[in-house]
Amino acid sequence: MKNQEPMTFDENELLRVFRKKTTLGVLVFFFVVIPFLGWFGLIDVTNINKLGRYLCFAIVALGIDLLWGYTGLLSLCQALFFCLGGYAMAMHLSLPEGGGNVRPEYHNIPQFFFFNNVDTLPGWWTHFSSLSFALVMAILIPTIVASLFGFTVFRSRVKGVYFSIITQAVAWGAFLLFCRNEMLLGGTNGLTNFDPAFHRDFGWVLFFYLITVSTLVLLFLGAKYISGSRLGRLLVAVRDKEMLLNFMAYRPQSIKLFAFTTAAIFAGTGGVLYVPQNGIITPNIMRVEDSIWMIIWVALGGRGRLWGAMAGALLVNYAYSITTSDMPKTWPFLEGGMFMAVVLFFPSGLVGLWDRFEQNVASGTRVSGILLAMAVGFTALLVDKSNWGLYVPYHLTALIACVTMSFLVIRSLNPSGIVLATITFFFGVEALGLMPETMRITWIGVPLKYYILFIILVGAGVLSHIGVFRQALRKYYEPATEH
Amino acid sequence: MSQPLNISSIVPIDKISSYQVYLKDAVVVFDGFKALDIEEFGVYYNELRVIIGPNGAGKTTLCDVISGKTSLTSGRVYVGGLDIIQAGDVEIAGMGVGRKFQTPTVFDSLTVWENMDLALPRAKSVFPNLWLKETNEEKKRITAILERVRLADEIGVQAQYLSHGQRQWLALSMLILAEPKLLLVDEPAAGLTDKETEITAELLLELKGQHTIIVIEHDMEFVRRLNSYVTVMNEGKLLAEGRLDELRQNDEVVKAYLGRS
């Protein structure tokens, strides 16, 4: 229905080109720039590994967006499906055929069996020595669990918050079950002792990274196809007015079951790819809290838009990674704060911010600078500073990057641009190691730089609400369309 | 639900087969309150029937019973000759009973076109909808209906941004597009301007003769324009049936309903 959007042709054309370029840029960044920088040793293996793991979360977020954003079902057991996929893969990886580290003194089977007084590999474990069997199971088990659970729940017309509570109970029950040693899945210690090369050797890390990115792209295309089809409209229809669908002879239960199962498959796929890159899986990852975090990724990214969910997963996890190294104990507060800020100020999440940004694009403002700054900032996050010096004068490059970024931020003076650029600039400066020492002075455990970041963001938010920015914009900056 | 064996609830077969909708001894009780208490009610195939009555007369409850939203406390309902006591709302909708609700009910975040697209009579199960697209003929039909209700320029607009009248029309267009055998139209003219009411009446009159239509309406001007057989309800019971002119002469009806306005 693209040609029927109530937009003039000109704006549409500008936006279309812009979106095309952005998509291409993002693809090049993930498929070409990162592997090559890694190849030259500019990005550390651990950073590529971390990005790979976060991209697995983005796959889960895609599914959650279909389920929550489109269909309006808030499931609090997605982490369980993630783990079901993960455990199936982990079983294969902990066996010798999958590169598992087994020792003769433990009967050549995964070590935890020894501590559970099991001498021989249980029959159902032996099948997992085949990779293809493990992969099929990794997808089949979440599918079966989700469809059985979904079938019973949706059939009895459980709705809204009651659905969320039931899923929460399932997640909790499954957690308790997996913690039992009798399950022969490693109990609370989970499954580990995989081949350490998977998350240490550059070759393997890059392999898993590329597999993850490709899977993400494929599943994104799949999810996009679903959301663009009539079925996608039916998903939204369930969210809007389920009752009306009954009277149009559709079966909302089946539609919800489809969404729930699809989301579970996405989560399972994410789990499969996550396990080898993480090196361990424990029942701790399937707790209700983890499922709620997954919901927060999607809420922050913006529900109802697929790329928003993916961006949200990356953003929150990187924020987690950075802030926990600076101030480990404040993360729960920060995450809660982010969630509240989204609910109060940006109900549509990152997507809403981006939409306002795109409005500028549609009206002819040139924004390539901000995007470039964001790309530089994101790369700076990943770059390994010690190796950077081998190829280019590190400090000079960092200085040029920062000056360019600040210049571009000022040039594209508008609230959404300011917010996007501030975050990027902040993390960029941090990652490039240019943060002045004074910024690290802490007050109640929080470094000064975070106060400054907070003030800028709140300031931008407030100003955009008052409209001062708009007036300032009119005075100092004439949009291209007015010429 | 157990049906008490009652001689009067055994319905002669010829009555069931000659009516599109037939209710016998239909009673609905909400918390001890008799919302509906009908001895016998029937609408013939391809008839346009108007139901009027004051607020709380049980008109919407009657629609709810026929469309399966509410189940009878006791009695029988037949749609197209079939007993629908055991059927759910989805099955009844699948039998070709379409419904427009009192408040214009559409999918708010979908566009006008997408709303219409979902209303098309076609595969209703999950997977075919993954790949099915509307055919050219279906597109033409949608466009034709939307042009009639002056929504053709709004196809890309989300339904939540439509005016009340436009939403009424969208809901009605979706119903017409679905080509049900039986249309239950609950207050199609509520909140419409005179000109809009006129077009709505024309639309319904065009459908007359091809579909069975039950219209619930308050607006007497609109009812007069439809010029059909009218059933008056009051306090859950059928009060009278006849042409509007005859009913105007009926003291009981005037007392219960017309006299007030």
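Given a cut-off of under 8 Å on Cα pairs at least six residues apart, what relative contact order in percent is computed for segment A:43-301?
It rounds to 44 percent for segment A:43-301.
Could you give the size of the charge dipole of segment B:50-148 about its Cα centre, using +1 on the Cβ of each K and R and -1 on the Cβ of each D and E, expressed in debye and rounded to the nearest 20?
Magnitude of the dipole: close to 200 debye.
Using only Cα atoms and rounding to the nearest 10 degrees, what angle (0 to 90) does helix B:164-177 make with the longest principal axis of chain B?
80 degrees
Tell me, what % of the accessible area of segment A:43-301 is carbon and sulfur with a 1.4 angstrom probe?
The C+S portion of the solvent-accessible surface of segment A:43-301 is 64 percent.
Check which residues have an amide H placed less than 5 Å from B:Thr70's amide H, if you skip close sequence neighbours.
Those qualifying (amide H under 5 Å, at least 5 residues apart or on another chain) are B:Val65.
Can you figure out the FRET efficiency of A:Asn181 with B:Ser109, using R₀ = 56 Å and their beta-carbon distance, to the nearest 0.05?
For A:Asn181 and B:Ser109, the calculated efficiency is 0.70.
Under a 1.4 angstrom probe, counting protein chains only, how are B:His164, B:His211, B:His218 ranked by accessible area, largest first?
B:His164, B:His218, B:His211
In whole Hz and in residue order, list the ³J(HN,Hα) couplings for segment B:34-48 that follow from phi through the Karplus curve 6.51 cos²θ - 1.76 cosθ + 1.60, θ = phi - 60°; x for Gly and Pro.
7, 7, 9, 8, 10, 6, 7, 8, x, 10, 6, 4, 6, 8, 9
Per residue of segment A:170-180, what does 6.51 cos²θ - 1.76 cosθ + 1.60 with θ = phi - 60° give for ³J(HN,Hα)? Whole Hz please, x for Gly and Pro, Karplus curve as stated.
4, 4, 5, x, 5, 4, 4, 5, 5, 6, 6
List the relative contact order of segment A:65-184 as a percent without decimals, with contacts defined as Cα pairs under 8 Å and 6+ residues apart.
Relative contact order comes out at 34 percent.
Does segment A:138-232 classify as rounded, prolate or oblate by the C-alpha gyration tensor (a ≥ b ≥ c root eigenvalues; a/c under 1.5 gives rounded; else a/b over b/c gives prolate, otherwise oblate)?
Oblate is the answer for segment A:138-232, as a/c is 1.5 or above yet b/c matches or exceeds a/b.
Could you grab the relative contact order for segment B:1-155? Cα pairs under 8 Å, six or more apart, rounded to a whole percent.
19 percent
Taking N as the number of residues in segment A:182-287, what value does Rg over Cα atoms divided by 2.2 N^0.38 Å take?
1.47
Amide H neighbours of B:Tyr44 under 5 Å, counting only residues 5+ apart in sequence or on other chains, H built in-plane at 1.01 Å?
Amide H neighbours of B:Tyr44: B:Gln20.
Which residues belonging to segment A:245-262 lose at least 30 Å² of 1.4 Å-probe accessible area when the assembly is complete, relative to their chain isolated?
For segment A:245-262, once contacts with the other chains are taken into account, A:Asn246, A:Phe247, A:Met248, A:Ala249, A:Tyr250, A:Arg251, A:Phe258 lose 30 Å² or more.
I'd like the accessible area for B:Asp219: 1.4 Å probe, protein heavy atoms, all chains in place, Å² to the nearest 10.
Around 50 Å² of this residue is reachable by solvent.
Taking the Cα centre of segment A:50-184 as origin and charging only Cβ (+1 Lys, Arg; -1 Asp, Glu), how large is the dipole, in debye to the nearest 20?
Charge dipole of segment A:50-184: 480 debye, to the nearest 20.
Rounded, prolate or oblate: which fits chain B when a ≥ b ≥ c are the square roots of the eigenvalues of the alpha-carbon gyration tensor, with rounded for a/c under 1.5 and prolate only if a/b beats b/c?
oblate
I'd like the accessible area for A:Arg440: 1.4 Å probe, protein heavy atoms, all chains in place, Å² to the nearest 10.
A:Arg440 exposes around 90 Å² with every protein chain in place.
Quick one: ranking A:Leu76, A:Leu210 by accessible area, 1.4 Å probe, largest first, what do you get?
Listed by decreasing accessible area, they come as A:Leu210, A:Leu76.
Going by a ≥ b ≥ c, the root eigenvalues of the Cα gyration tensor, does segment A:43-301 fall in the rounded group (a/c under 1.5), the prolate group (a/b larger than b/c) or the oblate group?
Prolate, because a/c is 1.5 or more and a/b exceeds b/c.
Quick check: net charge around A:Leu131, other residues with Cβ under 14 Å of its Cβ, Lys/Arg +1 and Asp/Glu -1?
Combined, the nearby Lys, Arg, Asp and Glu give -2.
Please list, in order along segment A:349-361, the HN-Hα scalar couplings obtained from phi with the Karplus expression 6.51 cos²θ - 1.76 cosθ + 1.60 (θ = phi - 60°), rounded to whole Hz, x for Gly and Pro.
x, 4, 4, x, 4, 5, 4, 5, 4, 5, 4, 4, 4
Ignoring ligands, DNA and RNA, how much accessible area is buried between chains A and B, both sides summed, with a 1.4 Å probe, to the nearest 100 Å²?
Counting both chains, the buried surface is close to 3000 Å².
The values are calculated or read from the model by the stated rules, or taken from the named source; none is laboratory data. Values in this document were obtained by computation on a predicted structure and should not be read as measured data. Methodologically, a virtual Cβ is constructed for each residue, glycine included, from the backbone with ideal geometry; neighbour enumeration extends over all protein chains shown. All accessible areas refer to the heavy atoms of the entire protein, side chains included, with ligands and DNA or RNA removed. Shrake-Rupley method; radii C 1.70, N 1.55, O 1.52, S 1.80 Å.
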